Amino acid sequence: TMASIIKLPNIFEKIKSFEFRMNPNLEEISEECYEWIEKLSQGYQKNVHLHKLDFAAACFYPEADIERLKIVTDYFNLYTLLDDICDSGQAMAQRVVKDIESVFNGQDDESLSEFGKATKRFKNNLRI
């Protein structure tokens, strides 16, 4: 029998055909989003990559207005930090997941962690 040959596409050639576009609002939102995630992440182990997610959001959503670009950047930052928190231990992860559930179930709990309060702010920005 003859072995099957799989020919992989040249993805680098395909990428060259896409036009690189950047959201012009990136500079306007960067500092505010950076300060927000810095304040939120105090006390949590975090990875350096959090500070580049505004750039990623601006690339993924080149036509978003300022408010929507902030929401996307906050989402990227918030849930990347959540991933980092979950990597830090089960007890911390359980607390944060409980806070997220409280926020999305409509409970206005005074005992929310900073992460829970940030999730509430994010939810309020989404108007859901």
How much length is gained if the chain between Ser17 and Glu114 is pulled fully straight, taking 0.36 nm per residue apart and subtracting their Cα-Cα distance, in nm to one decimal? 30.6 nm
Would you mind computing, in nm to one decimal, how far apart the modelled labels at Asn105 and Gln90 are, each placed 7 Å from Cα along Cα→Cβ? 2.1 nm
Compare the peptides 69-81, 90-102 by average per-residue count of other Cβ atoms within 10 angstrom and give them in order, highest first. 69-81, 90-102
Expressed in nanometres to one decimal, the distance between label points 7 Å along Cα→Cβ at Asp83 and Ser4 is 3.2 nm
Per DSSP H run of at least 4 residues, take -39500 (n - 2.57); add these up for the chain, divide by its residues and hand me the 222 nm value, nearest 500 deg cm²/dmol. -20000 deg cm²/dmol
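All of the numbers you see were taken from the coordinates with simple rules; none came from a lab. Just so we're clear, the structure is a prediction, and the values are computed from it rather than from any experiment. Here Cβ is always computed from backbone atoms with ideal geometry, including for glycine, and neighbour counts include all displayed protein chains.
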